[in-house]
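Here the structure comes first, spelled out in structure tokens, and everything after it is commentary.
Every number in this text was worked out from the coordinates using simple rules, so none of it is lab data. Computed from a prediction, not measured in an experiment: that's the story for all the values here. Here the Cβ positions follow ideal geometry from the backbone for every residue, glycine too, while neighbour counts run over all protein chains shown.
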There are 2 protein chains.
Amino acid sequence: MPKTKISRRKREILNAAAVLFRYKGYAATSMRDLAEKVGLEVSSLYSHIKSKEEILTTLCFHCGDLYSEGLEKIIEMDADALQKIDAIMDLHINIAIDHPSSITVFNDEWKHLSENELQQFLQVRRNYEKGIKQILQEGIDCNLLKDYPLDILMNTMLSSMRWIHYIKTDNNPIDTKITRDIVKKMLLNGVARK
Amino acid sequence: MPKTKISRRKREILNAAAVLFRYKGYAATSMRDLAEKVGLEVSSLYSHIKSKEEILTTLCFHCGDLYSEGLEKIIEMDADALQKIDAIMDLHINIAIDHPSSITVFNDEWKHLSENELQQFLQVRRNYEKGIKQILQEGIDCNLLKDYPLDILMNTMLSSMRWIHYIKTDNNPIDTKITRDIVKKMLLNGVARK
DNA sequence: CACAAAAATACGAACATTTGTTCGTATTTC
DNA sequence: GAAATACGAACAAATGTTCGTATTTTTGTG
């Protein structure tokens, strides 16, 4: 894969774009908005990036990599399914807390990718979900997890963590440790007292 | 409240807009897209609606009403907290299945509301969350729910159902009954085998 | 180190499109 | 005949991007 090094300025542009896309959405963010945020004139942006869409592509696939690479490591772990599921939750919560803006873009703005990138993106996602489901199936087979349909299991599980990156802002930090522990417990054992 | 009756054509426009906003996003949907979908010319739309933004406002607040009115009925129920929480989950799952497009707009596009409506919208949401938290607190006090922080409890619970309206499309119907039952069980008792 | 050549970066002006909306007028509905 | 609806033409504003040209930074060489 051609992973060319990213200059300091480009990094700066990507970060600013992530924040703007997060709060205004991709389509409603203009290149002039972005330029202002970075302290450049519009045309200067194009010394660093090819197009607005390239920014979106970069952000989306970068996050995709975070998830995919994280999952790969988990799959290779020498552990039972429950421990792997624990690691998956760690992965998602960590990414949400460490990259709240990029993750929001990843979750909400991928639909604006152009045809080619969109298909590639969906492929990556399908692949990721396949990996997750395999682990869940493993858990069911070993009697560690309840035998619910994989789709519902996976969607509910992943979705239940998809609020952390919305909540996390600069003036609303999150107690990572507590949040992580409780969300995990909720998912594994539920909220009802026995 | 000035709830003027909505003509057939306007209804049609609102429905088409909900679908377009769902898949393309509010900002990326043009009035010409919308006109085409409804089978009119652009300018004709303005015989029925005041502006693009009015459409978004209508959609968002209509959904807000669905939730708020649903919750009000639940609050008035003569039931314990666990039953109320069950009803809340029913409410969310039903709305997601019955109005997948509007709900997606409600969830993802409210940020494009203009200042006044935005504030009003956030107020409605805060109020709704307050109601939810009260029920959760009631559950904790009665030893029906585990004593977790209300924020985490509420966010995780509501968030865990926020995938159903994404999945639900015309060619991907959802087994309402099964989905509803299992999601509920997952939330209350978790996924881990005891 | 000096210094010219080259490459990277910044900018203003301009572009073709697309945007939401308005207006005057025709047509339909009541 | 009045009110509601539909339409074509036109609008100003905003959009992403390009181009030519300065300016700055980096590089290669004596």
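What to note about this one:
- Residue among B:ILE164, B:ILE88, B:SER101 farthest towards the positive dipole end of the stretch B:52-189, charges placed on Cβ: B:ILE164
- 18 Å Cα-Cα threshold exceeded, pairs from A:LYS111/B:LYS52; A:LYS177/B:LYS184; A:LYS184/B:LYS84; B:LYS133/B:LYS177; B:LYS133/B:LYS194; A:LYS84/A:LYS133: A:LYS111/B:LYS52; A:LYS177/B:LYS184; A:LYS184/B:LYS84; B:LYS133/B:LYS177; B:LYS133/B:LYS194
- When only the Cβ of Lys, Arg, Asp and Glu is charged (+1, +1, -1, -1), the dipole of the protein assembly as shown relative to its Cα centre reaches about 380 debye.
- With neighbour counts taken as other beta-carbon atoms within 10 Å, the residues B:HIS92, B:HIS99 rank, fewest first, as B:HIS99, B:HIS92.
- Legend: P(r) of the protein assembly as shown from all alpha carbon pair distances, 20 Å bins from 0, whole percents, reading 25, 57, 18, 0.
- For the stretch A:58-178, the alpha-carbon radius of gyration amounts to 1.10 times the rule-of-thumb value 2.2 N^0.38 Å expected for a compact globular protein.
- Take each residue of peptide A:143-150, count the partner chain Cβ atoms within 10 Å of its Cβ, and average: the result is 4.
- About the centre of its Cα atoms, the stretch A:52-189 shows a dipole size close to 420 debye [charges on the beta carbon of Lys, Arg (+1) and Asp, Glu (-1) only; nearest 20 debye].
- Most positive-pole-ward Cα, B:LEU66, B:ASN15, B:SER44, against dipole of the stretch B:1-74 from beta carbon charges: B:SER44
- Average other protein chain Cβ within 10 Å of Cβ, residues B:21-28: 4
- Partner chain coverage, peptide A:105-117 - average Cβ within 10 angstrom: 1
- In this calculation the C-beta distance from B:ASN94 to A:ASP78 is compared with R0 = 41 Å, giving a FRET efficiency of 0.40.
- By the count of neighbouring beta-carbon atoms within 10 Å, fewest first, B:SER159, A:SER7, A:SER160, B:SER68 end up ordered A:SER7, B:SER68, B:SER159, A:SER160.
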